[in-house]
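Asker: The structure's right below; bear with me while I get my questions together.
The values are calculated or read from the model by the stated rules, or taken from the named source; none is laboratory data. These figures come from a predicted structure and were not determined experimentally. Quick reminder, even Gly has a Cβ in these numbers, built from the backbone with ideal geometry, and neighbours come from all protein chains shown. Only protein heavy atoms, including side chains, enter the accessible area calculation; ligands, DNA and RNA are left aside. Shrake-Rupley method; radii C 1.70, N 1.55, O 1.52, S 1.80 Å.
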Amino acid sequence: MLSNNQFSSVPVDFFTKLNSLQSVEMDNNPFSAWEIPETLRNASALQNFSANSANIIGKIPDFFGPDEFPGLVNLHLAFNSLEGELPLSFSGSEIESFWVNGQMGSGKLGGRVDVLQNMTSLKEIWLHSNSFSGPLPDLSELKALESLSIRDNSFTGPVPESLVNLESLKVVNLTNNMFQGPLPVFKNSVSVDMV
C-alpha cells in the first residue's frame, strides 16, 4: 500500500518481480506524472489495483483484460489525467468495480463504451465527468450491476430498456448527457439522478 504521500514518484521497476502480488493501493499520492508501466503485466495474480488521485497520465493499458489478469476484481483509476478510449481487451474480464471518473486532463476519457456489455461481472461502473459519447450498449447481461454513474458526459440516444429492466440495479446517475427519446421509468427501488 502506497497511500497518502509516501513517495514522490513510482519506481519504474516496482512491478518487475511481483508475480504473486494480489493488491496495489496507491490512492491520494501526488506522484510526478507517470504512466502505468508494462511491467505491471508481471503481477498476473493481481485482484485489486487502486490508484485514484495518483497523477497517472496517458491511456489505460490494454492488458487489464482476462488474459493477463484473470482474477482482477477492482480497477480504480479515478481523478487522474487519463485520456483515450476504454480498451477492447476489457471484454470478458472479471472486473466487478470499475472507476475511471473525474479525469482531470484536457483530453479526458472518451469514445463509445460498447465494451461494457461484455464485462458481465460488473457491479459498479463510475464513468462520470469524462467525455464519453454515443449510445449506451445493451446491458442486459450485466445481471449483477448495482451502481451506474455516467453523469457529465455526452451520451446520446435513448436510455436502453436493458438498463431500466435490470433487477440488480440500485443506483443510477444519468444527469447532464444528451439522451433522447422517452423518459425512462426505473423501479421504485432504484435511486435515480436524471436531469
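Asker: Mind listing whichever residues of region 5-27 are surrounded by 15 or more Cβ atoms within 10 Å (Cβ to Cβ) and modelled with pLDDT of 90 or more?
Answerer: Matches in region 5-27: Val24, Glu25, Met26, Asp27.
Asker: Still on this structure, please answer the following. When you check Gly181 against the structure, is it at pLDDT 95 or above and at positive phi, yes or no?
Answerer: Judged against the criteria, Gly181 is not a match.
Asker: If you don't mind, there's one more thing I want to ask. Please determine whether any residue of region 50-72 is within 22 Å of Ser154 (Cα to Cα) and open to solvent by less than 40 Å² (accessible area, probe 1.4 Å).
Answerer: yes
Asker: What is the residue count in region 33-43 for residues that are small (Gly, Ala, Ser) and within 15 Å of Met104 (Cα to Cα)?
Answerer: 1
Asker: All but one of (1) of a type outside the set (S, T, N, Q); (2) open to solvent by less than 10 Å² (accessible area, probe 1.4 Å); (3) in a loop (DSSP other than H, G, I, E, B) hold for Leu116; which doesn't?
Answerer: So the condition that Leu116 fails would be (3).
Asker: Here's something else I'd like to know. Looking for something free of Cβ contacts under 8 Å to residues at least 40 places away in the same chain, in contact with an Asp or Glu (Cβ under 9 Å, 6 or more places away or on another chain), surrounded by fewer than 18 Cβ atoms within 10 Å (Cβ to Cβ) and in a loop (DSSP other than H, G, I, E, B) - is there at least one such residue anywhere in region 77-89?
Answerer: Scanning region 77-89 turns up at least one residue that is free of Cβ contacts under 8 Å to residues at least 40 places away in the same chain, in contact with an Asp or Glu (Cβ under 9 Å, 6 or more places away or on another chain), surrounded by fewer than 18 Cβ atoms within 10 Å (Cβ to Cβ) and in a loop (DSSP other than H, G, I, E, B).
Asker: Considering Ser131, Ser93, which residue is surrounded by fewer than 20 Cβ atoms within 10 Å (Cβ to Cβ) and hydroxyl-bearing (Ser, Thr, Tyr)?
Answerer: Ser131
Asker: Scan region 161-184 and give yes if some residue there is open to solvent by less than 70 Å² (accessible area, probe 1.4 Å), closer than 18 Å to Asn74 by Cβ and not polar (S, T, N, Q), otherwise no.
Answerer: yes
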